[in-house]
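A.B. asks: My questions will all concern the structure given below.
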Amino acid sequence: VDTTFLSNTGGSYFRVDGLYRLNGSNFVAGVFSGNDSNSRTPFVKLKEDGSVDFSFNAGTLVGTVLDAAVADDGKIYLGGEFNTFTESGNRKHIVRVTKNGSLDYTFDCGEILNIPNNPNSPANQVAQVDVVGNDQLLISGSFDFVGGFSRWSVAKVKLNEAVSRPVADFDGDGK
């Protein structure tokens with residue numbers, strides 16, 4: 001055991017959902033407790049000694065981060081069961097944050113939804129995210145629609161589309 005590694009998020013780990021090495025840094029996704037000055041969102045960056053890097057702040061993300069991926073430009077994609085990223089307005093279940101954790105408003109793949117009033121649909125979530133090439137994000141999880149398009153549990157999202165025209169294209173037909 002490396003006794004110089006602190007592994008302290010400013011409180012206690014209630015649950016760790018994932019450990020990630022992104023952009024040469026360590027990140028932890030999970031549920032944490034803390035006091036007013038140290039409480040953190042469910043996605044924190046750790047310094048090499050294990051202490052929290054407070055220069056990275058994922059804002060007011062409320063919920064669970066289930067997966068994370070990083071693009072070549074250093075932007076980080078977070079997928080999960082989160083319904084609130086206060087700064088984002090209606091962005092739920094998937095967001096892109098910059099190297100310092102702030103929301104990247106230029107990315108919006110539209111709403112991720114299940115069939116309305118379907119009692120058999122589990123909670124909406126993006127369980128896995130993976131950057132594919134320079135311009136697409138492959139997502140999977142529990143959903144029936146992405147950006148208004150019928151996409152059952154798996155979708156490719158174009159990263160460089162305008163926010164007003166999100167495209168989720170699973171089969172490559174452009175629809």
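A.B. asks: Along Cα→Cβ, 7 Å out, is where each label goes; now give me the distance between the ones at Ala123 and Arg21 in nm to one decimal.
C.D. replies: It works out to 3.1 nm between the two label points.
A.B. asks: Which entries in the list Lys47/Lys156; Lys99/Lys158; Lys47/Lys158 go over 26 Å, if you measure between the two C-alpha atoms of each?
C.D. replies: From Lys47/Lys156; Lys99/Lys158; Lys47/Lys158, over 26 Å: Lys47/Lys156; Lys47/Lys158.
A.B. asks: At a probe radius of 1.4 Å, what is the per-residue accessible area of Ser153, in Å² to the nearest 10?
C.D. replies: 50
A.B. asks: Each label point is 7 Å from the Cα along the Cα-to-Cβ direction; what then is the distance between the points at Val132 and Phe54, in nm?
C.D. replies: 4.1
A.B. asks: Report Val62's accessible area, 1.4 Å probe, all protein chains in place, as a number in Å² to the nearest 10.
C.D. replies: We get 90 Å² for Val62.
The values are calculated or read from the model by the stated rules, or taken from the named source; none is laboratory data. The model shown is predicted, which means the values in this text are computed figures rather than measured ones. We place every Cβ from the backbone using ideal geometry, glycine too, and count neighbours over all the protein chains shown. Ligands, DNA and RNA are excluded from the accessible area calculation, which covers all protein heavy atoms including side chains. Shrake-Rupley method; radii C 1.70, N 1.55, O 1.52, S 1.80 Å.
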